[in-house]
Amino acid sequence: MPEAAKTEVAGRISDAARRPGTPETDAPVLVVDQLVVDHRNRTTGEIFRAVDHVSLRIEAGESVAVVGESGSGKTTLALAATGLGPRGGGDIRLLGHSLSSVGRKQLRRLRPEVQVVFQDPHGSLDPRQSVRSGLKELRALQPKRTAWIDDAALLGRVRLAPELLERYPHQLSGGQAQRVCIARALLMRPRLIVADEPTSGLDVSVQADVLALLREIRTATGAALLMISHDLAVVRSVCDTVHVMYRGQVVESGPCERVFAEPENDYTRELLAAMPGARWRARR
Ligand SMILES: Nc1ncnc2c1ncn2[C@@H]1O[C@H](COP(=O)(O)OP(=O)(O)OP(=O)(O)O)[C@@H](O)[C@H]1O
Ligand SMILES: [Mg+2]
């Protein structure tokens with residue numbers, strides 16, 4: 001998209017983005033302080049520490065990645081950090097409010113500020129609902145918050161034709177379904193979008209488009225992004241800061257440029273060597 005058009009989109013969205021609900025604040029969007037999450041193995045009953053004293057911080061509009069091998073605790077961290085999953089210990093502050101002490105009413109107001117986009121778009125959409133009826137349901141939950149845009153314009157924001165409103169999830173391609181999920185997130189005008197492997201379930205041919213869309217939305221709406229990914233090329237193209245997780249702990253953190261160019265931790269080095277995204281290093 002030409003620069004001028006980008007600025008125009010940015011202007012339009014941020015003008016509309018006076019969010020009702022939670023007041024504007026200078027507090028970081030998310031602060032995770034010494035988070036601990038234990039899972040119990042259903043078969044053996046053994047307790048397993050999936051997230052082990054993890055701390056991270058996301059400022060308004062910042063784009064932060066969590067990378068690590070499968071099973072390192074990334075999804076558990078993301079779900080706990082956004083109040084959607086179990087949390088054992090530590091503190092989480094969303095827009096300055098500690099999730100441990102916030103009341104139910106306040107929590108209801110805070111929830112829409114964080115929207116999650118999952119790996120499997122078809123799994124996140126109700127198969128019995130058309131795109132339009134799914135949006136209608138969201139609007140009914142948050143009428144004031146979602147009144148800023150109509151359905152067709154919302155789909156336009158994620159580059160989908162309005163005809164798709166009448167379709168059911170099984171009538172959408174993976175890329176289209178993921179755009180619908182992003183549109184649903186966008187409708188709430190969140191201050192934080194959490195994207196858990198948002199492109200790894202998609203055909204390679206549409207991955208780049210979906211990433212470009214996430215980048216564009218970030219710029220246009222000023223939402224912060226917490227991106228979880230195996231793919232370092234993805235992380236590098238979208239994020240400012242990266243945290244590397246290994247067996248439930250963050251072993252290295254820093255600006256993407258620095259961490260990828262001069263990893264300090266042995267595990268980070270291994271990860272870079274093993275991950276598909278590491279190929280960018282060879283290309284440069
Ligand atoms: N609900 C659960 N009950 C028991 N164990 C769980 C549960 N969810 C996750 N785990 C375990 O916790 C660990 C971390 O899982 P998690 O899904 O957070 O990893 P991940 O880094 O997101 O992995 P992936 O890259 O494969 O998505 C794994 O060993 C997993 O088997
Ligand atoms: Mg995961």
When you scan the stretch 54-77, do you find a residue that is at pLDDT 90 or above, closer than 19 Å to ILE193 by Cα, small (Gly, Ala, Ser) and out of contact with any strand residue (DSSP E or B) (no Cβ under 7 Å at 6 or more places or on another chain), even just one?
no
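Report yes if VAL36 is under 17 Å from the mean Cα position of the chain (by Cα) and either more than 9 Å from ligand 1 (Cβ to nearest atom) or outside any strand (DSSP E or B) (or both), otherwise no. Explain how you work it out, then say what you get.
Working: under 17 Å from the mean Cα position of the chain (by Cα): no; either more than 9 Å from ligand 1 (Cβ to nearest atom) or outside any strand (DSSP E or B) (or both): yes.
Judged against the criteria, VAL36 is not a match.
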Considering only residues of the stretch 70-84 that are near ligand 1 (Cβ under 8 Å from one of its atoms), of a type outside the set (S, T, N, Q) and out of contact with any Asp or Glu (no Cβ under 9 Å at 6 or more places or on another chain), which is farthest from VAL250 (Cα to Cα)?
GLY71
The lone condition VAL117 fails out of (1) under 22 Å from the mean Cα position of the chain (by Cα); (2) of a type in the set (Val, Ile, Thr); (3) over 26 Å from VAL210 (Cα atoms) is (3)
When you scan the stretch 43-132 for strands (runs of 3 or more DSSP E) that lie fully inside it, which ones turn up with 2 or more residues that are within 16 Å of ligand 2 (Cβ to nearest atom)?
47-58, 63-67, 114-117
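The values are calculated or read from the model by the stated rules, or taken from the named source; none is laboratory data. None of these values were measured; they are calculated from a predicted model. Neighbour counts run over all protein chains shown; Cβ positions are idealised from the backbone, glycine included.
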